[in-house]
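Worksheet: the structure to be examined is printed underneath.
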Amino acid sequence: MGGLTNQTPTPTEIKLHKQSKIMEIAFDEGSRYNLPFEFLRVFSPSAEVRGHGPGQETLQVGKINVDITAIEPVGHYAVVLVFDDGHDSGIYSWDYLYDLGKHQNVYWTEYLKRMEAAGESREPKTLVK
């Protein structure tokens, strides 16, 4: 993915729907995406999730119930999403959010395949006492 250019769509609206755990984002070229909080969390652009190079990604598991507690602007090009599991180091640029929206089905399908291959679950692990 390239950086921001004057062709990069910019958001005209970002809404958090807390009940459905969806972030609705509309872009100036007319597209509108509904991105689940879980999807945004598992595809965080942070080094903690993505690693420092190809193949170094850390599979995020058990995030089905994750919530976004805050959105913090970063200049005029990005936002930081603060999640209730303590994750707050991902800077979501406009081009990254647009890419997530545009390719949501492909990315989600790949994620579910990786999760299945790892024998993991979207549900949080319960602690056995």
Query raised in the report: Does any residue in region 23-41 that is at positive phi and modelled with pLDDT of 95 or more come within less than 9 Å, Cβ to Cβ, of a residue that is surrounded by fewer than 21 Cβ atoms within 10 Å (Cβ to Cβ) and in a loop (DSSP other than H, G, I, E, B) six or more places away or on a different chain, and which pairs are these?
Result: Gly30/Pro9
**Report entry** Single unsatisfied condition, Leu59 versus (1) of a type outside the set (S, T, N, Q); (2) loosely packed, with under 13 Cβ neighbours inside 10 Å; (3) in a strand (DSSP E or B)
**Finding:** (3)
Report summary line: Here the residues within region 21-42 that are within 14 Å of the chain's Cα centre (by Cα) and in a loop (DSSP other than H, G, I, E, B) are Lys21
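Results for (1) in contact (Cβ under 8 Å) with a residue 60 or more places away in the chain; (2) over 11 Å from the mean Cα position of the chain (by Cα); (3) more than 23 Å from Thr8 (Cβ to Cβ), shown as yes or no for each residue.
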position	(1), (2), (3)
Gln19	no, yes, yes
Gly86	no, yes, yes
Ile91	no, no, no
Glu110	no, yes, yes
Ala117	no, yes, yes
Lys125	yes, yes, yes
Report task. Of all residues in region 63-76, count the ones that are over 13 Å from the mean Cα position of the chain (by Cα), modelled with pLDDT of 95 or more and outside any strand (DSSP E or B). Result -> 1
Query raised in the report: Any residue at all in region 46-56 that is farther than 19 Å from Lys21 by Cβ, within 12 Å of the chain's Cα centre (by Cα), modelled with pLDDT of 95 or more and not hydroxyl-bearing (Ser, Thr, Tyr)?
Result: no
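The values are calculated or read from the model by the stated rules, or taken from the named source; none is laboratory data. Not measured: the values here are computed from a predicted model. Using ideal geometry, Cβ is built from the backbone for each residue, glycine included, and neighbour counts are taken over all protein chains shown.
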